[in-house]
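Comments concern the structure below.
The values are calculated or read from the model by the stated rules, or taken from the named source; none is laboratory data. In this text, all values refer to a predicted model and were calculated from it rather than measured experimentally. When we count neighbours, we look across all protein chains shown, and the Cβ atoms used for this are built from the backbone with ideal geometry, even at glycine. Accessible surface is based on the protein model in full, side chains and every heavy atom, while ligands, DNA and RNA are left aside. Shrake-Rupley method; radii C 1.70, N 1.55, O 1.52, S 1.80 Å.
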Amino acid sequence: MRRKLVAGNWKMHGGLAANRELLGGLLNQQATVGSAACAVLVPFPYLAQVSSALAGSRISWGAQDVSEHVSGAFTGEVAAPMLADFGCTLVIVGHSERRALHSEDSRTVGKKALSALRSGLTPIICVGESLAEREAGVTREIVGQQIAEAISVCGAGGISASIIAYEPVWAIGTGKTASPEQAQEVHEFLRGILMSASVEAGQVPILYGGSVKAANAAALFAMPDVDGGLVGGASLLVSEFMDIWRAASAARY
Ligand code: 13P
């Protein structure tokens with residue numbers, strides 16, 4: 001059985017005072033939650049704050065993007081060794097918002113994941129189809145191509161040290177969650193591709209993201225190939241996020 005993980009993607013939200021309150025709420029209750037792992041992925045300026053606030057806690061932390069380059073004339077970019085420098089362990093790559101708003105293609109996403117891996121970080125590699133792609137019946141082609149590109153750049157060894165997140169674009173921030181069966185179908189498909197890369201790659205956690213809430217988390221996490229959640233909006237609310245973490249801890253699979 002793979003241990004579940006609940007990761008909160010704060011996106012471009014937060015502030016020193018608001019973060020202190022949110023992190024304090026999570027820390028106060030962390031002892032009441034079962035065995036699932038928990039992480040927060042925060043904007044770059046707040047990495048130092050979460051590093052210090054979460055030191056010695058059960059909650060891991062990381063960034064939301066990383067450069068594919070190690071250093072150089074890339075104004076505004078942040079390199080993986082810089083994140084690793086002060087203890088960052090996780091980084092999201094290829095979130096659909098970056099693919100759409102910053103024209104990141106799957107090759108670039110793969111290179112970002114590889115750069116993270118080379119610095120000892122665990123990339124959370126996001127894949128997912130748009131509403132038009134789902135309606136056109138090409139979900140498998142789209143997510144299959146996205147994951148294949150990541151495998152081709154990082155190799156099976158690199159992928160086996162990564163985390164995958166399936167985030168259907170039509171379910172992000174819309175309140176429209178994929179049904180547990182829809183999520184399971186795509187997760188199982190992705191697992192098959194990962195398995196054919198290597199047995200170890202087939203065992204990586206595959207998180208579901210897209211309007212995960214306390215109310216739907218248990219049903220999603222009950223699916224055999226849903227290993228937890230990448231949570232946006234609900235990760236900014238202590239009670240919602242704690243209930244999602246609890247649901248992951250209570251899940252049978
Ligand atoms: P929401 O949970 O707000 O739909 O966001 C999902 C997401 O994009 C997490 O990365």
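Which one of Ser160, Ser211 is under 16 Å from the mean Cα position of the chain (by Cα), within 16 Å of the ligand (Cβ to nearest atom) and small (Gly, Ala, Ser)?
Just one listed residue meets the conditions, Ser211.
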In segment 116-143, residue nearest to Glu167 (Cα to Cα) [restricted to those that are assigned to a helix (DSSP H, G or I) and open to solvent by less than 10 Å² (accessible area, probe 1.4 Å)]: Val143
Residue match in segment 12-27 (condition: surrounded by fewer than 20 Cβ atoms within 10 Å (Cβ to Cβ) and at pLDDT below 95): no
Of residues in segment 48-99 being more than 16 Å from the ligand (Cβ to nearest atom) and of a type in the set (Asp, Glu), the one most open to solvent (accessible area, probe 1.4 Å): Asp85
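Where residues in segment 172-189 are modelled with pLDDT under 95 and of a type outside the set (Val, Ile, Thr), which of them is farthest from the ligand (Cβ to nearest atom)?
Per the stated criteria, the residue is Ala178.
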Single residue of segment 1-11 satisfying the filter (open to solvent by less than 100 Å² (accessible area, probe 1.4 Å) and more than 11 Å from the ligand (Cβ to nearest atom)) that is farthest from Ser211 (Cα to Cα): Arg2
Selection count, segment 87-112, where residues are of a type outside the set (A, V, I, L, M), on the phi < 0 side of the Ramachandran plot and within 15 Å of the chain's Cα centre (by Cα): 9
